[in-house]
1. Among all residue pairs at least 6 apart or on different chains, which show Cβ distances below 7 Å where the first residue, located in the stretch 87-99, is free of Cβ contacts under 8 Å to residues at least 60 places away in the same chain and the second is surrounded by fewer than 22 Cβ atoms within 10 Å (Cβ to Cβ) and among the charged types (D, E, K, R)?
2. Can you name every one of the helices (runs of 4 or more DSSP H) wholly within the stretch 53-137 that holds 2 or more residues which are modelled with pLDDT of 90 or more?
3. Specify the residue that is surrounded by the fewest Cβ atoms within 10 Å (Cβ to Cβ); the eligible residues are those in the stretch 193-223 that are in contact with a helix residue (DSSP H, G or I) (Cβ under 6 Å, 6 or more places away or on another chain) and in a loop (DSSP other than H, G, I, E, B).
4. Can you tell me which of (1) touching a Phe, Trp or Tyr at 6+ places or on another chain (Cβ under 9 Å); (2) over 30 Å from K193 (Cα atoms) is the one I88 doesn't meet?
5. In this structure, does L29 turn out to be open to solvent by less than 10 Å² (accessible area, probe 1.4 Å) and over 19 Å from the mean Cα position of the chain (by Cα)?
6. Scan the stretch 101-115 for residues that are farther than 13 Å from K86 by Cα and either small (G, A, S) or open to solvent by 70 Å² or more (accessible area, probe 1.4 Å) (or both) and jot them down.
Amino acid sequence: MDPQTMQQTIEIVLADDHALVRDGIRALLEEEQDLDVVAEVSNGLEALDMVAQKAPDLLIIDIRMPQMGGIEAVEKLNLQKDLKTKCIILSMHDSEEYILKSVKAGASGYLLKDTDKAEFIKAIHTVQNGGKYFSGDISNVLVNNLFANSNEVAETSEDEIPFDLTKKELKVLELILEGYTNKEISEKLQNSKRTIETHRFNLMKKMEVKNLFDLTKKARAHNLSSF
């Protein structure tokens, strides 16, 4: 017998403001014998109410919705000490900022909306069994470090860093100044090339420069070239 058929049914509340998206995800999940979508809602406030009513095993919630988004809803849910419901956030974005905020809010997983069915189901079972699951361009090592240092990250003030740069942006800046290409940086940091291009764009925007020469000049002027 397949081990999954021996598991108890996992009850799920699904939160997304697009009915077509909910329909698609529900159809995908309910092809599995041990998954049951017990309710659907269209925003974070409704998700809070439905979790209180249904006490599901799992809340799968979109990161951006009207009235209240997924991160805020997860954060509020995790303030409840007796909460048994675990949360997976759905997103179109693989940015470190959203992932860090999701971790600090208490999410047990973070899935991209283009995740295939096999990974989606794997994530659900991993989270239900007490694990953490993140898709996208995050290596297992980074995920482990992320959870190990999540409290430290939450307490670290970035006000002292010029231009309000994040730690990842500083690392990307360091590699840019060392002459690495976007492709080489993506390989070193185990992120997609698109993610590195986004960090590079944000660096240019925050530091108010338009080319590599000006970026290098301003970084040195603010003692960032040693990062």
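1. Correct list of pairs: S91/K113; M92/K113.
2. Answer list for the stretch 53-137: 70-77, 117-128.
3. H222
4. I88 satisfies every listed condition except (2).
5. On the way: open to solvent by less than 10 Å² (accessible area, probe 1.4 Å): yes; over 19 Å from the mean Cα position of the chain (by Cα): yes.
Yes, satisfied.
6. Selection gives K101, K104, K113, D114.
The values are calculated or read from the model by the stated rules, or taken from the named source; none is laboratory data. Owing to the predicted nature of the structure, the values given are computational and were not obtained by experimental measurement. Cβ: placed from backbone, ideal geometry, glycine included. Neighbour counts: every protein chain shown. Accessible surface areas use protein heavy atoms only, side chains included; no ligands, DNA or RNA. Shrake-Rupley method; radii C 1.70, N 1.55, O 1.52, S 1.80 Å.
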